[in-house]
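Throughout, read-outs are computed from the coordinates displayed, never taken from laboratory work. Worth saying up front: this structure is predicted, and the values here are computed from it rather than measured. We place every Cβ from the backbone using ideal geometry, glycine too, and count neighbours over all the protein chains shown.
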Amino acid sequence: MPVFPAPTSRIPPVTGPAIRLAGTARFGTATLFRDAVLELLPGTWTCLLGPSGVGKSTALRLIAGLDTGADFQGDIKALDGSPLTGRVAYMAQSDLLLPWLDLRGNVALGARLRGSPPDWPRIDALIDRLGLAAHARKRPASLSGGQRQRTALARTLMENKAIVLLDEPFSALDARTRADMQDLAAETLAGRTVLMVTHDPGEAARLGARIYLMENNTLTQHPPPAGHPIRAIDDPEMLACQAALLLQLRAAT
Ligand SMILES: Nc1ncnc2c1ncn2[C@@H]1O[C@H](COP(=O)(O)OP(=O)(O)OP(=O)(O)O)[C@@H](O)[C@H]1O
Ligand SMILES: [Mg+2]
């Protein structure tokens, strides 16, 4: 299992802005969400849950400024008026690893694409913290699903962006590694504005300063547990919130 030594170098501190998506998204005649408001709190985590196919990834991709194919009528902006362009790191639901690069090369991809020299000490420290050091020279085809997902997570964590959009970042991980990676991501992304899509009510209750449910074409807020994320795994309020979220998801029509 991964052991977490202190990293040799850290990502410099960044503070993310509050962000608001407000509007309606459709694919043809099918409405994904109508007059929805999704407001990300500045410098902390917002979590988005909802049944498969409701439009969570589409909302995330809209905020990322990526092509979705959806007809979106509305507005997406930072509430302090600052631009979003160039300030967003995005981890897709599929890992999008390049098959011809090894794990290390995939983690360094962002720097390469920017034409800057990769920060190898920080990359290697992060790979080590993610428990992937023994696999650093493997290509994606030789990695397990959970190893691939952690590689994609490492690539996202290497981006020093103020806004971080994570689409089910821990979904392929075993329970212990998932908890470890939640801790690591919360620590590494301190101060960032993070939106995480997840199907795991416990994950949302552990990490969300704000929690949204998307169902029946609408977005509603669910009260988060008291206290600031990241919450202890055995925090009674966190566990109560987890249960309440699951009940609400099961009650959805
Ligand atoms: N380019 C597209 N053209 C038409 N329909 C699309 C397109 N992309 C997504 N959809 C549809 O929009 C709906 C929402 O898709 P989306 O990927 O946002 O769902 P999701 O909530 O992320 O689901 P999951 O939890 O399964 O990942 C789905 O019914 C999907 O089939
Ligand atoms: Mg999705």
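What the table below lists for this structure:
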item: Approximate spin-label separation Arg139-Asp75, in nm, with each point projected 7 Å along Cα-to-Cβ; result: 4.9
item: Alpha carbon convex hull of region 1-135, volume per residue in cubic angstrom; result: 161
item: Lysines with Cα under 20 Å of Lys161, excluding same-chain neighbours fewer than 8 positions away; result: Lys77
item: Mean projected area in nm² (Cα convex hull; one quarter of hull surface) for the chain; result: 13.7
item: Order of His199, His135, His228 - criterion: other Cβ atoms within 10 Å of each residue's Cβ, fewest first; result: His228, His199, His135
item: Nonlocal amide H pairs with Ile211, under 5 Å, H built at 1.01 Å; result: Cys47, His222
item: The chain: angle of helix 145-158 to the longest principal axis, Cα-based, in degrees nearest 10; result: 90
item: Principal-axis tilt of helix 120-129 within the chain, Cα atoms, nearest 10 degrees; result: 70
item: Square roots of five times the Cα gyration tensor eigenvalues for region 130-253, Å; result: 27, 16, 15
item: Prolate/oblate/rounded label for region 13-79 (Cα gyration tensor, a/c 1.5); result: prolate
item: Exposure proxy order (Cβ contacts within 10 Å, fewest to most) of Val194, Val54, Val107; result: Val54, Val194, Val107
item: Relative contact order for region 19-251, counting Cα pairs under 8 Å that sit 6 or more residues apart, in percent; result: 28
item: Amide proton proximity set for Val164, modelled H, under 5 Å, gap of 5+; result: Ala89, Thr193, Val194, Leu195
item: Rounded Å value of the spacing that divides the Cα centres of region 202-253 and region 75-129; result: 28
item: Lysines with Cα under 17 Å of Lys56, excluding same-chain neighbours fewer than 8 positions away; result: none
item: Crossing angle, helix 175-188 versus the chain [Cα axis fit, 0-90 degrees, rounded to tens]; result: 90
item: Ascending count of other beta-carbon atoms within 10 Å, so fewest first, for Met91, Met214; result: Met214, Met91
item: J(HN,Hα) series, region 204-209, from Karplus relation 6.51 cos²θ - 1.76 cosθ + 1.60, nearest Hz, glycine and proline x; result: 5, 5, 6, 10, x, 7
item: DSSP bridge pairs, region 19-251: antiparallel proportion in percent, nearest 5; result: 55
